[in-house]
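The values are calculated or read from the model by the stated rules, or taken from the named source; none is laboratory data. What you see is a predicted model; the values in this text were computed from it and never measured. Positions of Cβ are backbone-derived with ideal geometry, glycine not excepted, and every protein chain shown enters the neighbour counts. Each accessible area value is taken on the protein alone, full model and side chains, heavy atoms only, with ligands, DNA and RNA left out. Shrake-Rupley method; radii C 1.70, N 1.55, O 1.52, S 1.80 Å.
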Amino acid sequence: VSRQLKEEIRRGFARLEDPLAGLLAMLENSSDWKGKGHSLGYCITTELQLWIQAHPAVPQSGTKLKKLQARVLGMLSQCPANLLDPLISIYQLHTADRNYLLEHVSHLYLQGNYKEAAILSIKLKLQPDQGVEKMCTPLLLQDKANLVEDYVAEYPELQRKLLQTLDTWCDPSFNIRDITRPYQGLSRYKPEKFNRRVLSKLVFRLLQRFDVDPVLCPNVINQRHLRTLNYLFYKRFVEKTMTEENWGDHIQSTAGENPWLQGHLVQLLLRHCDARGAARWARHCHVPPEMLPRAVAEELQKLHIQDRVEEVTKADDCESSKKKDYYQLPIPRENIHFLQTWEETLQCWEKVLQPGQVVGVDMEWKPSFGMVGKPRVALLQLALKDEVFLLDVPQLLEQAEAEGEKEKLPHFIQMLYSDAAITKLGYGMSGDLSSLVATSSALKDMEKQMQGVVDLLTVDKQDSPPVDGLSSEQSHEEKGVGQPEKGLSLLVQHVLGKPLDKREQLSNWEKRPLREEQILYAASDAYCLLEIYERFCKDPESFGLGSDLAESLVGKQSKKPRAKKSLNKQEAPSPSGQECQGPRTEPSRPTAPISPQEFSVVCDNMLQGLGRYLRCLGVDVRLLGNEDDHRKAAEIARKEGRVILTSGLPYQTLRSQVGEGRCFSVSCSEKAKEQALQVLKHFNVQVSLSDIFSRCQ
């Protein structure tokens, strides 16, 4: 707004006997202020607000003000958002009779102006006097979850009530149509956005945002735990990528003493084990005998300690026979030190914090399986040439806090990462760093101070060829292993000849004591970084890297890589697809460029935003509905010759049902645009200007 116009507006106010009534009359007889943006009406209103601040005697009170408030309330439902605060301030609506304001909001609500009623309630802080379920239900049906979050943001009691309501709706026995029926004629009604999957995601978002105890939402939590149980059975019996002890720890902690989950656990055991195996694991998980089918209960009575010992011994023999297929630590077992006291840890730091030292750094945390909260580091691994130190982070933090030195461990970690004279090796370090920050807020600015850091993930991305020209696919067939290697394990296989044994990857790293297998896995994860780096530095050309590798990487401040280790390493994809791994597909050869018109896909139901974005670019897209089973994507793909786009656990199932290269998994943590770029790049789809909006939206 020009200075001249502002001065003219202020002179106009000064000449008016009643500026407040004058502004109202102007707005009532004009419509330009109803549009978005900075209209003349908006400029005049905001100038009056400033002018009143400079002339405190202007504001009115009493009957005259009440009449003006009544008139302005009638206009607020038509106001653009930028005019609400100035008008509320000018006409002192916070001082108006609360019952009168509530009556007005109720009138808006009954007219079907639910959004306007909610926004006005937020502005006038009327939420405590209104029913949360009543106000929020139509907003959720109109896909206005963000407004619902704002509605309860400042009121913990309302947050709890909202979460309990949402959790009730997520009960499998609850009929959601009972809620939606009264709103069938609702404008902008989006029934596809109102289902248990969407509501469950909203509950977890609210639990995290407002830091509410998850115990308030038993239905949503139980459903998530059930998906975790399904995932664990998939990892153990289909992928076969978890050790028996590791798997047993997780199913026991996931089912706990919850009778509903224990019932589902029994059903899963019967589906994947014989009666004897089911009885053994039911006993391990403390499932009450009365919950077991007769055949399993009979086996449970027959079980003796000796039987269990024999089975475990047999399993151990089988496990040890597989070890030769994997990377083995080249240092003796006695050189791996598990540190739980500060006396031991200080000796470790003396060795680590030496100028010129090269340190392999890794971290482990308990997998969250999609539950609330960021993972906290449970184990910090530091590998030197001749020994590996495993730091029990929770124990050391607890000891330091008890001694009044809460920042002791963060201080040492900062010293390590900020010392340019020490080379720190990692793989996908952004995930490690975010978990460190979740563990200790004192480390929140550490990334800005990092020096001498080498993230081997960035080196790995330079497409180094496999050792001896062996493709990852061929190596699996030779080993007879069902799952292709990926991430650090694949890099270890390419450079050192054998992959990492990742069966302890999803261990409960907070449980003490650690099992021997966990200790060896943790040490290997850190130590292999030293061996890879040494090979890269000795002969970078054979790995497709520049000859100045060491000079170009060491001493430079690490840049945050796009790929997150928390996705690659610990955060397994939950069956709901909420936390997923990055792009995955079968190995494929470079393809010739194609146009969007030649590219046809079917998008799984968690990727509807991606599907709509690709359609805007001219791609032939079919979308699965929210209630469709993931397997429908495979049926459509086979019938119509489409590529499947999916994310998370469904990828494992779907890729086996279509031809090689016909199923692609995108990261569900990315926005639709980034997902689309992944897809276009992978399939070499070239978009031209004429393709954009060439299909009906």
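Counting lysine pairs in segment 1-129 whose alpha carbons fall under 18 angstrom apart, excluding pairs fewer than 8 residues apart on the same chain, gives 4. Solvent-accessible area assigned to carbon and sulfur over the chain amounts to 50 percent, based on a 1.4 Å probe. Relative to the longest principal axis of the Cα atoms of the chain, the long axis of helix 132-141 lies at roughly 80 degrees. Here, segment 596-683 yields an orientationally averaged convex hull projection of 5.0 nm² when only Cα atoms define the hull. Summarising the amide proton neighbourhood of Glu510: residues at separation of 5 or more, or on other chains, whose placed amide H is nearer than 5 Å comprise Lys366. Net charge dipole, segment 1-152: roughly 300 debye, given to the nearest 20, about the Cα centre with Cβ charges of +1 for Lys and Arg and -1 for Asp and Glu. Over the residues of the chain, the helix contribution to mean residue ellipticity at 222 nm works out to -15000 deg cm²/dmol, using -39500 (n - 2.57) for each DSSP H run of at least 4. Annotation: amide H of Tyr327 within the under-5 Å range of Leu500, Asp501, sequence separation 5 or more or interchain, hydrogens built in the peptide plane.
Simple point charges give the picture: +1 on the Cβ of Lys and Arg, -1 on the Cβ of Asp and Glu, and for segment 220-303 a dipole about the Cα centre of about 200 debye.
Pair-distance distribution of segment 220-303: all C-alpha pairs, bin width 10 Å, starting at 0; shares per bin in whole percent are 18, 55, 25, 1. For segment 333-385, the orientation-averaged shadow of the C-alpha convex hull comes to 5.2 nm² (one quarter of the hull surface). When the trypsin sites (Lys or Arg not before Pro) in segment 603-679 are filtered for DSSP coil states and for at most 12 other beta-carbon atoms within 10 Å of their beta-carbon, the remaining sites are Lys671.
When all alpha-carbon pairs of the chain are counted, what percent fall beyond 35 Å? Beyond 35 Å sits 58 percent of the P(r) for the chain. Computed 3J(HN,Hα) for segment 7-12, one whole-Hz value per residue from the Karplus formula 6.51 cos²θ - 1.76 cosθ + 1.60 where θ = phi - 60°, is 5, 5, 4, 5, 4, x, glycine and proline marked x. Accessible area ranking (1.4 Å probe, heavy atoms, ligands and nucleic acids excluded), largest first, for Tyr613, Tyr91, Tyr234: Tyr613, Tyr234, Tyr91.
Close amide H partners of Gly661, meaning residues 5 or more places away or on another chain with modelled amide H under 5 Å apart, are Glu586.
Applying both filters, DSSP loop and at most 13 other Cβ atoms within 10 Å, to the trypsin sites (Lys or Arg not before Pro) of segment 1-92 gives Lys36.
Filter the trypsin sites (Lys or Arg not before Pro) in segment 133-214 to those in DSSP coil with at most 13 other Cβ atoms within 10 Å of their Cβ, and list the result. Passing both the DSSP loop test and the Cβ count: Arg188. Phi angles across segment 452-457 convert, under the Karplus curve 6.51 cos²θ - 1.76 cosθ + 1.60 with θ = phi - 60°, into 3J(HN,Hα) values of x, 9, 10, 9, 5, 5 Hz, Gly and Pro given as x. The charge dipole of segment 596-683, taken about its Cα centre with unit charges on the Cβ of Lys, Arg, Asp and Glu (plus for the first two, minus for the last two), comes to roughly 120 debye. Distance between the C-alpha centres of segment 1-45 and segment 413-428: 60 Å, rounded to the whole angstrom.
Just list whichever of Lys424/Lys538; Lys408/Lys511; Lys144/Lys366; Lys302/Lys366 have alpha carbons separated by over 29 Å in the model shown. Pairs exceeding the cut-off: Lys144/Lys366; Lys302/Lys366. The mean sequence separation of alpha-carbon pairs under 8 Å and at least six residues apart, normalised by the residue count of segment 320-387, gives a relative contact order of 32 percent. Computed on the chain, with alpha-carbon pairs under 8 angstrom and 6+ residues apart, the relative contact order is 9 percent. Across segment 439-449, rounded Karplus estimates of 3J(HN,Hα) from the backbone phi angles (6.51 cos²θ - 1.76 cosθ + 1.60, θ = phi - 60°) give 7, 9, 5, 5, 9, 5, 9, 4, 4, 6, 9 Hz, Gly and Pro being marked x.
Ordering Gln4, Ile644, Val666 by Cα displacement along the dipole of the chain toward the positive end leaves Gln4 in first place; charges were set at the Cβ atoms of Lys, Arg (+1) and Asp, Glu (-1).
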